[in-house]
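Student: The structure follows.
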Amino acid sequence: MKKVLFIAAMTAMSASLFAQTDTTKVQSGPSGQYQSTKDSTEGFQFTTIDSVAITPVKDQNRSSTCWSFSTIGFLESELLRTKGKEYDLSEMFVVSKTMMDRATYCVRLYNEPHFAPGGSAYDVIYCMKHYGLVPQSAMPGIKYGWTKNDTLPVHNELDRVAGGYLKGLTGLKKLSPVWRQGLQAIYDTYLGACPEEFEYEGKKYTPQSFAAMLGLNADDYVSITSYTHHPFYETFALEVPDNWRMDEMYNLPIDEMMAVIDNALANGYTLAWGADVSELGFTRKGIGVVPDEDNGADITGSDAAKWVGMTADKKKEELTKRPLPEKEITQQMRQDAYDNWENTDDHGMQIFGTAKDQNGKKYYMVKNSWGTARSDYKGIWYVSEAFMRYKTNDVLVHKNALPKDIKKKLKL
């Protein structure tokens, strides 16, 4: 008996020592692919709670097309859920169709709205409904042998050329009937022409017939937001530049918007996420938090005088290298940030799971489109509940993912 107790004690001690010295903590995501390169005794340690199947992380590179990548990733997860099959859909087909529509919109308003390469999750749903979808193999995107490792900013060039073309139309007394063909030629030259017909797995499709084969119904998807300048439980078009199609979103109190996110993930649905990532707590290493910067010296254990003299980058490093107390986010804080231009629609990603850190605090697992080398978790970000409450502009989700009581309130 003593021998057995001794072995058990040694085993427990060994496990304890291993836990303290493990420097490459592997995260158990959908396929166990998330591995931190940080020292687990120094930074964040995450344990997955729930995760929904996602397709591989892609790289938007130097392009303003996160909205297409995030929502295409969302649709690919929907296909994993509904068909049990992995599809690789073309982001650039959606970009080409959307930019042509946006250009037409701007020209009709005498170029008063700003023509820009951005968009929203709804643009992808609109494209699926009106133009269809195509696989990546039918329209890969940037031409001329460009790869993600090239330094040539081809998308930046495309945006400038297309923007210059639109600007050149301003002030003309009358437009020719072929101005759209000229702009389409620019997008076709850089991205390749949108195919009218293609072959996929031995069958011929048009974009519309391919989308029909996939079986996704555009009318099943709803956008959710949470702001007080419009009534709750009604719809309104969120006033941000990239919502140029004026997508009507359902407006919920913040707690109920969070309930939608949680219910979706718990029931096997992902969400396309429109967010602001320009804040102090969103790092390139895969963390999104809302640190209490006003009390930074206290929560980091720094000398107050030293804290005041720190650069913004150094403060960010100190506040985001390990779990620390965060701000308590209220509905009014969200509204103030929106009204003061602090919450902007600057990035789109995909929410697909939840996790907890070593202190038991909840985080959301988010698939980004910056490749696999630009975070400590192979392209995945861990975003705190406070960050999600504060910096979410909107989410796109299947209407059946809403809790029954909320669905009833919205008359869906």
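Student: Taking into account only those residues within the stretch 352-382 that are over 12 Å from the mean Cα position of the chain (by Cα) and of a type in the set (A, V, I, L, M), which is modelled with the highest pLDDT?
Tutor: Filtering first and then ranking leaves Ala355.
Student: Starting from residues that are over 18 Å from the mean Cα position of the chain (by Cα) and either in a loop (DSSP other than H, G, I, E, B) or touching a residue at least 40 places away in the same chain (Cβ under 8 Å) (or both), keep the ones in the stretch 281-319 and report whichever is nearest to Trp341 (Cα to Cα).
Tutor: Filtering first and then ranking leaves Asp292.
Student: Here is a follow-up. Select from the stretch 166-180 the residues that are under 19 Å from Met99 (Cα atoms) and small (Gly, Ala, Ser) and list them in ascending order.
Tutor: Of everything in the stretch 166-180, just one residue is under 19 Å from Met99 (Cα atoms) and small (Gly, Ala, Ser), namely Gly168.
Student: Of all residues being farther than 19 Å from Leu75 by Cα and either of a type in the set (Ser, Thr, Tyr) or loosely packed, with under 14 Cβ neighbours inside 10 Å (or both) in the stretch 206-231, which is nearest to the chain's Cα centre (by Cα)? Just the residue, please.
Tutor: Only one residue tops the list, namely Thr225.
Student: Which one of the conditions (1) over 30 Å from Trp341 (Cβ atoms); (2) in a helix (DSSP H, G or I); (3) modelled with pLDDT under 95 does Gln181 fail to meet, given that it meets all the rest?
Tutor: (3)
Student: If I go through the stretch 336-377 residue by residue, how many of them are touching a Cys at 6+ places or on another chain (Cβ under 9 Å) and either part of a strand (DSSP E or B) or under 24 Å from Tyr269 (Cβ atoms) (or both)?
Tutor: 6
Student: Would you point out which residue out of Thr104, Thr189 is outside the structural domain of Ser223 (by TED's automatic domain parsing) and touching a residue at least 60 places away in the same chain (Cβ under 8 Å)?
Tutor: Thr104
Student: Residues in the stretch 349-370: is at least one small (Gly, Ala, Ser) and in contact with a strand residue (DSSP E or B) (Cβ under 6 Å, 6 or more places away or on another chain)?
Tutor: There is at least one residue in the stretch 349-370 that is small (Gly, Ala, Ser) and in contact with a strand residue (DSSP E or B) (Cβ under 6 Å, 6 or more places away or on another chain).
Student: Tell me, which residue of the stretch 378-412 that is out of contact with any Gly (no Cβ under 8 Å at 6 or more places or on another chain) and assigned to a loop (DSSP other than H, G, I, E, B) is surrounded by the most Cβ atoms within 10 Å (Cβ to Cβ)?
Tutor: Ranking the candidates gives Leu402 first.
Student: Is there any pair linking a residue in the stretch 127-139 that is touching a residue at least 24 places away in the same chain (Cβ under 8 Å) to one that is surrounded by fewer than 16 Cβ atoms within 10 Å (Cβ to Cβ) and among the charged types (D, E, K, R), with Cβ under 7 Å and at least six apart or on different chains, and which?
Tutor: Pro135/Asp88; Gln136/Asp88
Student: Just one of (1) surrounded by 17 or more Cβ atoms within 10 Å (Cβ to Cβ); (2) assigned by TED's automatic domain parsing to the domain that holds Thr225; (3) not aromatic (Phe, Trp, Tyr) trips up Lys315, so point out which.
Tutor: (2)
The values are calculated or read from the model by the stated rules, or taken from the named source; none is laboratory data. These figures come from a predicted structure and were not determined experimentally. Cβ: placed from backbone, ideal geometry, glycine included. Neighbour counts: every protein chain shown.
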